[in-house]
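Only one structure is covered here, and it is reproduced in the block below.
Every number in this text was worked out from the coordinates using simple rules, so none of it is lab data. Computed from a predicted model, the values in this text were never measured in an experiment. No Cβ is skipped: glycine too gets one built from the backbone with ideal geometry, and neighbour counts run over all protein chains shown.
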Amino acid sequence: MTCPESGEGTLKEGILNIQAQVRGEQVPIQFPGAECPMCGFQEIDSAQMAAYGLATADAYRAKHGLLTSDELRSRRRRLGMSQVEFANHTKASLPSIKRWELGAIQDEAMDELIRLKTDAETARKNLEKVARLLEQPSPVEV
Ligand SMILES: [Zn+2]
């Protein structure tokens, strides 16, 4: 297929290095598509857009230390919970749970809550920190 941008090069299929834009940030990802060797024009199959959205969201989450969609799903499944049960367990809304597993990016506070509610080691460290703070002899008035 001829490049629609330059009108000269022939698009070549392969794994592209793409600078995706997520929340105003450039996030590098690799994704299958076609590229013009002459001008660098990149094209992704429209049937792949959902997968592309998930890939970019996961790249953003990995960059920011947030749980990816797969990680969220596997943590829930490891507890043997349905999405409804997990919504009850975390008090996050069911639509939010569904969206995060499909690629919507959870904020940092929700990410922390999910870690506390799905990982015994994270919960234990939090317990120790809180207990230590509560043991301090003279609480600071804030
Ligand atoms: Zn081109």
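So the values come out like this:
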item	result
Scan of segment 71-81 for residues that are in a helix (DSSP H, G or I) and not charged (D, E, K, R), ordered by number	Leu72, Ser74
Matching residues, segment 1-54, being among the aromatic types (Phe, Trp, Tyr) and away from the ligand (no atom under 14 Å from the Cβ)	Phe31, Tyr52
Selection from segment 21-70 of residues that are of a type in the set (Asp, Glu) and buried (at least 17 other Cβ atoms within 10 Å of the Cβ)	Glu35, Asp58
